[in-house]
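Quick one: the structure is below, questions incoming.
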Amino acid sequence: MINNPINEPQFKVDRLQLVAVAILMVLGALFVYSATMANASEALKSWYGQTWFHQIIWYVLGACAGAALCFVEYQTLARWSFVVYWATVFCLVLVLIPHVGSMRFGARRWIDLGFFQFQPSEFAKLAFILAMAHFLSRPMDELRQPLNFWKGIGLMLLPFLLILKEPDLGSALVLLPTGLVMMYVAGTPGAYLLKLVGGVGLLAALFLVDVLFVPPGRWQITMQPYQRDRLLVYFGRDYTAFASPNATPAELQRLRQRQLDDEYNVRQALISVGSGGLVGKGWRQGTQNALGYLPRAVAHNDFIFSV
């Protein structure tokens, strides 16, 4: 047996993880190709201008950045973690400023640099994990102190609220379970977390009752109309249930038509998954995508499972 000096760096490669990531990357590129090449305008582009090739470029850049990061000592990452965290928080504030953040699809989530569109919320996820890990790497006794517990919650809520303001509910919600699991694994008392989760669960229940059952015109939580509509569609609420008692048949018909319009993407996604069965129709054979029923602009990301 050879005893290595205690300070000598030891590099261990998790081959199984690397193989799994490589398989996911290959599958991802294949399905992005399948999703986008059904679009005639995309297929007419040169191969280097097509979305699947851009995906591969990002794979290469990400793999190189990940490999380079492996050679950085974790103490260095810890030392810079809060600098990166506050830099991303600054960018999250910056993106909310008109004429700085770009407005797309009713949300202000991007900073347009001309040659590249920068989405701070994506970098905030990684920055939050690094900062939270560094914050939680303290003695167990300190983690039991209520003040440190609330500091950790504040560390999580700051980017959450800023991303929610964009609005980007999906990206914001990723932070909550990630942060809570990290706190639990680090040794934060379970009683603290149970009380917090219970309180959040109660607020979430009241929030859903407000969205799903309170008629318009009465007290309602302020939110974007599209967010409310998505919740109504997800829980299958009938839009006519919110009509006034004196609503005319024409008004009820307009509500039904609006509901059909709002449910369109969900309905097409369900048809796509249902018609594919257990194993699917085959690569590039999905009719809902090929015929354009799934939204072209986001078929390769938001609707990739349906594809």
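The values are calculated or read from the model by the stated rules, or taken from the named source; none is laboratory data. Please read these numbers as outputs of a predicted model, since none were measured by experiment. Methodologically, a virtual Cβ is constructed for each residue, glycine included, from the backbone with ideal geometry; neighbour enumeration extends over all protein chains shown. Heads up: the accessible areas ignore ligands, DNA and RNA and are worked out on the full protein's heavy atoms, side chains in. Shrake-Rupley method; radii C 1.70, N 1.55, O 1.52, S 1.80 Å.
If I model a spin label as a point 7 Å beyond the Cα along the Cα-Cβ vector, how far apart are those points for TRP47 and LEU126 in nm?
Label-label distance for TRP47 and LEU126, simple model: 2.9 nm.
Using the charge dipole of segment 102-157 (Lys, Arg: +1 at Cβ; Asp, Glu: -1 at Cβ; taken about the Cα centre), state which of LEU143, LEU113, SER102 has its Cα farthest towards the positive end.
Comparing the listed Cα positions along the dipole, SER102 ranks first.
Roll a 1.4 angstrom probe over the protein heavy atoms and tell me the percent of accessible area of segment 112-247 that is carbon or sulfur. It would help to have the intermediate numbers written out before the result.
Values: 5500 of 8030 Å².
Accessible surface attributable to carbon and sulfur in segment 112-247 totals 69 percent.
For PHE82, PHE123, PHE90, PHE135, what's the largest-to-smallest order of accessible area, 1.4 Å probe? Before the final figure, lay out the partial values.
Numbers: PHE82 60, PHE123 110, PHE90 130, PHE135 20 Å².
Solvent-accessible surface, decreasing: PHE90, PHE123, PHE82, PHE135.
Below 25 Å Cα-Cα, how many Lys pairs turn up in the chain? Only count pairs eight or more apart in sequence, or on different chains, if you could. Before the final figure, lay out each step's value.
Values: LYS125/LYS151; LYS125/LYS165; LYS125/LYS195; LYS151/LYS165; LYS151/LYS195.
Lysine pairs meeting the criterion: 5.
From the Cα gyration tensor of segment 99-194, with a ≥ b ≥ c the square roots of its eigenvalues, which class applies: rounded if a/c is under 1.5, or else prolate if a/b is larger than b/c, or else oblate?
On the way: a/c = 3.33, a/b = 2.48, b/c = 1.34.
Because a/c hits 1.5 or more and a/b exceeds b/c, segment 99-194 counts as prolate.
While we're here: Could you grab the relative contact order for the chain? Cα pairs under 8 Å, six or more apart, rounded to a whole percent. Spell out each step's value before the answer.
Details: 239 pairs, mean separation 51.7, N = 307.
The normalised contact order for the chain reaches 17 percent.
Can you give the direction-averaged projected area of the convex hull of the alpha-carbon atoms in segment 138-254, in nm²?
Over all viewing directions, segment 138-254 projects a mean Cα-hull area of 8.9 nm².
Let me ask you something else. By its C-alpha gyration tensor, with a ≥ b ≥ c as the square roots of the eigenvalues, how is segment 166-209 shaped: rounded for a/c under 1.5, else prolate for a/b larger than b/c, else oblate?
Judged from the Cα gyration tensor, segment 166-209 comes out oblate (a/c at least 1.5, b/c at or above a/b).
Using only the alpha-carbon atoms of segment 66-146, report the extent along each of the three principal axes, biggest first, to the nearest angstrom.
If we take the Cα atoms of segment 66-146, the spans are 46, 36, 18 Å.
Another question, if that's okay. In the calculated pair distance distribution of the chain, what percentage of Cα-Cα distances lie above 26 Å?
Working: 29885 of 46971 pairs.
For the chain, the share of Cα pairs beyond 26 Å comes to 64 percent.
Using only helices, what value at 222 nm comes out for the chain when you add -39,500 (n - 2.57) per DSSP H run of length 4 or more and divide by the total residues, to the nearest 500 deg cm²/dmol? Don't skip to the end; give the middle numbers.
Numbers: 13 runs with 191 residues, N = 307.
After summing the helix terms and dividing by the residues of the chain, the value is -20500 deg cm²/dmol.
Stokes-Einstein D for segment 259-307 at 37 °C, 0.692 mPa s, Kirkwood Rh over Cα pairs, in µm²/s? Display every interim value, and only then the final one.
On the way: Rh = 10.8 Å.
Result for D is 304 µm²/s.
Same structure, new question: Give me the one-decimal nm value for the distance between modelled label points at LYS281 and TRP58, 7 Å along each residue's Cα-to-Cβ direction.
2.6 nm
Taking the Cα centre of the chain as origin and charging only Cβ (+1 Lys, Arg; -1 Asp, Glu), how large is the dipole, in debye to the nearest 20?
Values: 24 positive and 18 negative charges, 55 e Å.
For this selection, approximately 260 debye.
Taking amide hydrogens as modeled 1.01 Å from N in the peptide plane, which residues meet the under 5 Å criterion relative to SER102, leaving out close sequence neighbours?
ARG109, TRP110, ILE111, ASP112
Okay, next question. With a 10 Å cut-off between alpha carbons and a GNM built on the chain, which of SER81, SER46, SER171 moves the most?
SER46
May I ask for the equivalent-ellipsoid semi-axes of segment 196-250, computed as the square root of five times each C-alpha gyration tensor eigenvalue and listed largest first in whole Å? Mind dumping the intermediate values first?
Details: eigenvalues 123, 28, 19 Å².
So the equivalent ellipsoid measures 25, 12, 10 Å along its semi-axes.
If you don't mind, another one. Residues in segment 177-217, backbone N under 14 Å from the label point at SER244 (7 Å along the Cα-to-beta-carbon vector): list them, ranges by number please.
216-217
How far apart, in nm, are two points set 7 Å out from the Cα along the Cα-to-Cβ line at ALA133 and at ARG230?
About 2.8 nm separates the two model spin labels.
Provide the per residue accessible area, probe 1.4 Å, for the chain, rounded to a whole number of square angstrom. Can you show the working numbers first?
Values: 20370 Å² over 307 residues.
That works out to 66 Å² for each residue.
Mind checking which helices in the chain clear 24 Å along their axis (Cα) and have mean Kyte-Doolittle hydropathy of 0.0 or more, DSSP H runs only?
Details: long enough: 15-36 (31 Å, 1.86); 51-70 (28 Å, 1.23); 74-94 (29 Å, 1.20); 146-165 (28 Å, 1.35); 169-186 (26 Å, 1.88); 190-213 (33 Å, 2.00).
Those that pass (Cα extent of 24 Å or more, hydropathy at least 0.0) are 15-36, 51-70, 74-94, 146-165, 169-186, 190-213.
Further question: Need one word for segment 212-307: rounded, prolate or oblate. Basis is the Cα gyration tensor (sqrt eigenvalues a ≥ b ≥ c); a/c below 1.5 gives rounded, then a/b vs b/c decides. Present the calculation step by step, with values, prior to reporting the outcome.
On the way: a/c = 3.01, a/b = 2.28, b/c = 1.32.
Cα axes put segment 212-307 in the prolate bin.
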